[in-house]
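Reviewing the structure listed below.
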Amino acid sequence: MGMRLKNLNALLPLVFLFLFFYFPLISILKEGLWDNGITLRYILRAISNSYHRRVIFFTFWQALASTLLTLFLGFPGAYIFAKYEFPGKGILKALLTVPFVMPSIMVALGFILLFGRVGIITQILGRDLGILYSWKAIILAHAFYNFPVVVRMVSSLWQRINPHYEEAAISLGARGFTLFRKVTLPMLMPAIFASSMLTFVFCFLSFSVPLILGGYQYATIEVDIFTSIMTLLDFKTGAALAIIQIFLSLIFMYLYLKSLDLYAKAEKQKVFREPVHLTFKKLISARGLLIIFYSLVVFLFILSPLLAVIYHSFTYGGSFTLEWYRRVFSPEYNPIFGANSITAIRNSLLFGFSAVILSTFLALSIAYIMYRWRFKGKNFFDAIVMLPLASSAITLGLGYIRAFHKPPLEFLGTWYLIIFAHTIIAYPFVLRSVSTSLKKINPNLKEAAMSLGVNELGAFLKVELPLAFGGIIVGAIFAFAMSIAELGATYMIYRPEYTTITIAIYRFLGSRQLGPASAMSVLLILVSTIAFIVIEKTGEEIW
């Protein structure tokens, strides 16, 4: 009976992954590599096209530039959080979680309201800075999203660097930048490399930000695939571009996972250096003023897009109004997306909570197999269950279009296919969160429980699962935040009656109705704010 239960635990998640990830992936490979036999014609045609080559090059370039800017913004913050204790540090640290759980389409709207021709910053400066609808906006928005990752990962390792190494170097004459370059920096490299690779992957696979802030002139591979499928109906070219993207993202994800192993090993150091308390006298020194200045810049950088959206949702022509909210909550107001706003809100909540349940169950089943079973081919199992992490929403949407458009698997256009797509997108992050929590649990606790007569599964459910509950909650919150923020895959497979908040915002933006778009975005801000408060209170790191 126990062995049957084990086999069932392993079989259910693998069946789900095969049906709703690998089967669509195989459909893409077939579309792009098959024409009366295996062929590279469509891939070569895509690569030989000057526009597609430029898109591929720009995708690399913007991801690299975004990563460098992210490091530039995040590294000083990592130093401050690792070294100092000061008033307001907790608030500032909580704010760092905001960008990571904010829907990208809402951030794109915030940048439009700030840097547009009649934007807030444009009006303050009296001239257009030329940021909107350019590579500059894409890089700034990506840095907004990802610099908290750099701050958290690098500061976490910086706190664990044994101060005796630096003290020994100082006794040998090392000072200032020489001390940092020869001693501190090499020990920080695992965190720097891991956070940089994660940032690069996120920017490489980004969709909403390049689509809205860059337009087709600054399209990335994601936008190119979307355009080929949804606008030009060229499935062969879209599949060929998706195959190229999958190949490249697999390489980058492999490098990230390797860097994550190095980071995990380096973070195991148990020495925590005591932060220096900044008194009022130290705060008004040159170093203290620099910390205050950086904190203010971070504060404005994070909050300005959010405040711009909130301000615009309550104003019209400079006057206070609730008209945009009246339209959002009015069942009669459905001029452009085929479903009223109440339906969009209901759909987002339904899809979000459903994705939480499914992705949590999937992650728990896989985490139990990965970290509590010993069997041949375990490394291969680890690879196949983590592969969705290297996929993108647009690629998944294309796979669903090709895999589920005809009997016996005619799921296209159904509400539950959207839930399955959100589950596949969110579950790797839930798995990462759960796995991190399970790794921290002393295996002796399980052995003690089993010595008292509990079987392996019982020990997991009664001992380890309660101890990992914080990680499960964080993973569930991230799954919900990712579900309600998802745009790419949902837009490719939905019907009007299954419109979500993000699709409604995108349709409002497309028709230049910024007021209703702002009001809908504020609803997303409220939900995401609750999510990040829970994450911060729980205190688990899943980067």
- prompt: Which of the helices in the chain meet the span-like rule: DSSP H, Cα axial reach of 30 Å or more, Kyte-Doolittle mean at least -1.0?
  reply: 50-83, 135-158, 235-267, 286-313, 341-372, 415-439, 514-538
message: Above 20 Å lies some portion of the pair distances; for the stretch 43-107, what is it as a whole percent of all C-alpha pairs?
response: 55
Inter-probe distance in nm under a simple model that places probes 7 Å from Cα toward Cβ, at ILE124 and LEU19: 5.3
field: DSSP-loop chymotrypsin sites (Phe, Trp or Tyr not before Pro) across the stretch 454-510, with at most 15 other Cβ within 10 angstrom
entry: none
- prompt: How far, in nm, would the chain grow between LEU290 and VAL454 when pulled straight, counting 0.36 nm per residue and subtracting the alpha carbon separation?
  reply: 53.4 nm
message: Test of understanding: ordering VAL454, VAL183, VAL151 by Cβ neighbours within 10 Å, fewest first, what list do you get?
response: VAL454, VAL183, VAL151
Amide H contacts of THR315 (H built 1.01 Å from N, under 5 Å, at least 5 apart or other chain): THR321
message: 7 Å from Cα along Cα→Cβ at both TYR51 and PHE180: what's the point-to-point distance in nm?
response: 4.6
field: By average C-beta atoms within 10 angstrom, highest first, the peptides 239-249, 23-33
entry: 239-249, 23-33
statement: Which residues qualify? For TYR84, with a placed amide H closer than 5 Å and at least 5 residues away or on another chain, they are VAL276
query: Fully extended, how many nm does the chain gain between GLU85 and LEU526 (0.36 nm per residue separation, minus their Cα-Cα distance)?
result: 155.8 nm
- prompt: So how far apart, in nm, are the two label points at PHE380 and ASP261 if each is 7 Å from Cα heading toward Cβ?
  reply: 1.8
- prompt: In a Debye calculation with equal point scatterers on the alpha-carbon sites of the stretch 53-313 and no solvent, what is log10 I(q)/I(0) at q = 0.11, 0.13, 0.17 Å⁻¹?
  reply: -0.71, -0.93, -1.32
query: With each run of n ≥ 4 DSSP H residues scored as -39500 (n - 2.57), what mean residue ellipticity at 222 nm is computed for the chain after dividing by its residue count and rounding to the nearest 500 deg cm²/dmol?
result: -22500 deg cm²/dmol
message: Out of all Cα-Cα pairs in the stretch 115-194, roughly what percent, to the nearest whole number, are more than 20 Å apart?
response: 56
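Please compare each pair in LYS236/LYS406; LYS136/LYS258; LYS258/LYS440 to a cut-off of 25 Å on the Cα-Cα distance and tell me which ones are over it.
On the way: LYS236/LYS406 18 Å; LYS136/LYS258 31 Å; LYS258/LYS440 19 Å.
Beyond 25 Å: LYS136/LYS258.
Quick note: the coordinates plus some simple rules give every number you see, no bench work behind them. Values in this document were obtained by computation on a predicted structure and should not be read as measured data. Cβ atoms come from the backbone with ideal geometry, glycine included; neighbour counts cover every protein chain shown.
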